[in-house]
Each structure stands twice: as structure tokens, then as C-alpha cells.
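The values are calculated or read from the model by the stated rules, or taken from the named source; none is laboratory data. Just so you know, these numbers come straight off a predicted model, no measurement behind them. Glycine gets a Cβ as well: all are built from the backbone with ideal geometry, and neighbour counts include every protein chain shown.
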Amino acid sequence: MHPDLLRLLKQSLSHASRPPDKGVRPDLSFGVDEAFEEGDVAEIEFESGRVRNATRGTELTAKPLPPQLLSIVTAGGIYPLLEKEGLIAAKV
């Protein structure tokens, strides 16, 4: 797995909350560092927290994404979600 993608995966799957003004602190205790190497293929189910290394056939479980964050991910980002909900005008 590419190092930048691995870093993003670690950040995306972190759920150790800090106060709202401090952002989110990564919680990597579920083993992403040990489970992936550069070039490995990841399959991620954000709803369940399932993280599978398709290259090696190993599987980890993280905390599922909260519903609000999951809606942003499934919409394709914050702007598509806001457009879908009619809160901002769609880009032309």
C-alpha cells in the first residue's frame, strides 16, 4: 500500500475523539501498521469497520464510521452532500 494511502487510511479510521476544537486523534491500536505493506490492496467497509488486506487475505476490525461522517463519505464528499440536501447550489 502506498505510504500516503496508508497514512490516509489510518487517519480515516481513527475514532479516538478529542474535544471538537482539537480535531480527531488517530487510534491505530487495531493493527493497520502491521497488516499492510506498500503495494497491498485494501478493502474497507466504512459501515461495519471491516478493513481487509486483499493481498494477504487478512482482516481487521475498526470502529464503524459515525452516521454523519458515513453520509459524507457515501455522498462523495461534503460538497456533494450539501448539494444533494439542497443546502448549496449544484456546480455547473
Criterion first (modelled with pLDDT of 90 or more and under 19 Å from Val32 (Cβ atoms)) does Glu43 satisfy it? yes
Which residue out of Ser14, Ser48 is part of a loop (DSSP other than H, G, I, E, B) and at pLDDT below 80? Ser14
Close pairs from segment 57-79: first touching a residue at least 40 places away in the same chain (Cβ under 8 Å) and over 13 Å from Phe46 (Cα atoms), partner in a loop (DSSP other than H, G, I, E, B) and charged (D, E, K, R), Cβ under 7 Å, at least 6 apart: none
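Let's see how each residue does on (1) at pLDDT 90 or above; (2) in a loop (DSSP other than H, G, I, E, B); (3) over 11 Å from the mean Cα position of the chain (by Cα):
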residue	(1), (2), (3)
Pro64	no, yes, no
Gln68	yes, no, yes
Pro80	yes, no, yes
Val92	no, yes, yes
